[in-house]
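Below you'll find the structure I mean.
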Amino acid sequence: MIHYIYDGSFDGLLTCIYEAYYRKEAPEKILFQEDDQENLLVRKVYIEQDKVKAEKVYAAIGAKISRNALKNVFYAFLSEQEDAGSLIYRYIHLGFKIGKAIDEHLSDDRVLDIYKTVQRVTKEKHLMLGLVRFRKLGENLYYAPITPDYQILGLLAPHFAKRIADQNWIIHDMGRNMAAVYNQKEWMITEMMLEKSVDIIEEERFYQQLWQQYFKSIAIKNRINPKLQKRYMPKRYWSNLVEEI
């Protein structure tokens, strides 16, 4: 039994796919971190990231399977599930056999597992687009903290780069200590760790209070439905919402 271990990057994962194909091996698992449990029946193979090999696999998926398969693979990777690498490997392996018709085979667990994972990531992406709350930190600088379940910063940034193109902003994934930073021209993903809380300006504090008052004033007491509210706006996201502060 073979386990491939890679560095956690998307290129690293695609390099694993490349090596499995050219070594004619069928790894049972592809993991981004080593399993703590020792198993004498498992041979661990450490795969070093190779951008050239990764690009070849990326191009092959688009050409031999489909562009939609590329999206599925990337979204599944962003889920950061422990078994995401293994699911992706099995999906691609099948895709190279049957081509672009792969996503019609939902009765096959290799396709269904990817489909379910992609659906969860997609759902959170669309939900988060409506839950990002920017705070003004200074002249022409806005900051929004988020705590998503999945690694979706790169999916959110293009939307806000178009929507708020005339401002400098930061969307901060606090759980991963990563941020999407935009400078009115382009955005990039970078590491970001705060040693203390972010201070907002007095003007921002005033508008936050107005928004909180408005949020409370429009609520109709006999129609308040906490259960329904939590369904559309899960409580785990509330700590970053201005109206709930």
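The values are calculated or read from the model by the stated rules, or taken from the named source; none is laboratory data. Source: prediction; values computed, not measured. When we count neighbours, we look across all protein chains shown, and the Cβ atoms used for this are built from the backbone with ideal geometry, even at glycine. Calculation scope for accessible area: heavy atoms of the full protein, side chains included, ligands and nucleic acids excluded. Shrake-Rupley method; radii C 1.70, N 1.55, O 1.52, S 1.80 Å.
Take D83, D173 and sort them by solvent-accessible surface of the protein heavy atoms, 1.4 Å probe, largest at the top.
Output order, biggest surface exposure first: D83, D173.
Which number comes out as Rg/Rh for region 2-124 once both Rg and the Kirkwood Rh are worked out on C-alpha atoms?
0.95
Rounded to whole Hz and in sequence order, give me ³J(HN,Hα) for region 185-193 from the Karplus expression 6.51 cos²θ - 1.76 cosθ + 1.60, θ = phi - 60°, writing x for Gly and Pro.
10, 8, 10, 8, 9, 9, 6, 7, 10
Next question. Over 26 Å between Cα atoms, which of K123/K185; K29/K64; K125/K185; K51/K71 qualify?
As for pairs spanning more than 26 Å Cα to Cα, those are K123/K185.
Roll a 1.4 Å probe over the protein chains and send me the accessible area per residue for region 2-124 in Å².
On a per-residue basis, region 2-124 sits at 57 Å².
Also, I was wondering about something else. Using a 1.4 angstrom probe with every protein chain in place, what is the largest-first accessible-area order of I61, I170?
I170, I61
Under a Cβ-only charge scheme (Lys and Arg +1, Asp and Glu -1), can you give me the dipole magnitude of region 2-124 about the Cα centre, in debye to the nearest 20?
Here the size comes out at about 700 debye.
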